[in-house]
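One structure below.
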Amino acid sequence: MNLTALTALFQHYLNEEMQMRSVRLPYACCLSTIGLDGFPNARFVSLKEIRDDRFVIAGCMSSRKGAEINASNKVAISFWWPETQRQVRIQGIAHLMPGDIADRYFDERNLDSRIVSAVSNQGAALDDPQALHQAYDQLVQNIGETGYVARPENWGAFAIEPVRIEFLTFSDSRFHDRILFRKEGDQWTEIKLQP
């Protein structure tokens, strides 16, 4: 199986989850990075899309996740879809995407999210909550009815090029179906794993 077929399988699983989904956020995934202190670090982010067989995430580049990816671009993303009882784990290399593509992802966000990203330094200590709210209110006044908020310089997107993808389907019998696809050179190998 090649990477295009694997990402197509991922998309098929995602579509099935979306059809059965009773709650939002099927695109939510846990992004794991190698912490600057050597400890693993994980947080939930949103998958923007699959582009050229790479999994795209976006966010504040000056946040802890941005600093950690810049220090070591080996990352993992994990999906859990309760409706279909499936888990997908992806390990790969994160590549910074060009600014014009990041602009598009930023512009697709709702207005409140864009404003908060423009006035906030995500993850930094919050010494004066009132000042942050005032900056928010000031930007709302400045943009007026146009609703245009420029992408902050510290906001960008990463495309994760997978090197391992594991698909797991849970079973009540506990004999879960697990298949690991691993990139070896230019080829992908398939390994059936014990539950």
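The values are calculated or read from the model by the stated rules, or taken from the named source; none is laboratory data. All of these numbers come straight from a predicted model, not from anything done at the bench. Cβ atoms come from the backbone with ideal geometry, glycine included; neighbour counts cover every protein chain shown. Side chains are part of the model used for accessible areas, which takes the heavy atoms of the whole protein and leaves out ligands, DNA and RNA. Shrake-Rupley method; radii C 1.70, N 1.55, O 1.52, S 1.80 Å.
Below, the figures for the structure above:
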item	result
Using alpha carbons only: equivalent-ellipsoid semi-axes of the stretch 21-115, gyration tensor based, whole Å	21, 19, 13
Length gained when the stretch Asp128-Asn41 is fully extended (0.36 nm per residue, less Cα-Cα span)	28.7 nm
Phi-based couplings in Hz for the stretch 55-68 (Karplus 6.51, -1.76, 1.60; Gly and Pro marked x)	9, 9, 10, 8, x, 6, 6, 8, 6, 4, 5, x, 5, 5
Under-23-angstrom lysine pairs by C-alpha in the chain, whenever the two are 8 or more apart or on separate chains	5
Principal-axis tilt of helix 129-143 within the chain, Cα atoms, nearest 10 degrees	80
The stretch 3-62, relative contact order [Cα under 8 Å, separation at least 6], %	24
Glu16, Glu108, ranked by accessible area, largest first (probe 1.4 Å)	Glu108, Glu16
Restricting the stretch 124-156 to chymotrypsin sites (Phe, Trp or Tyr not before Pro) in coil, as DSSP defines it, with at most 16 other Cβ within 10 Å	Tyr148
Å² of accessible area per residue within the chain, as computed with a 1.4 Å probe and no ligands counted	59
The stretch 95-142: proportion of alpha-carbon pairs further apart than 13 angstrom, %	63
Residue range of the chain that is longest and free of trypsin sites (Lys or Arg not before Pro) which are both DSSP loop and sparsely packed (at most 13 other C-beta within 10 Å)	25-173
Selection of chymotrypsin sites (Phe, Trp or Tyr not before Pro), the stretch 17-120, meeting DSSP coil and at most 13 other Cβ within 10 Å	none
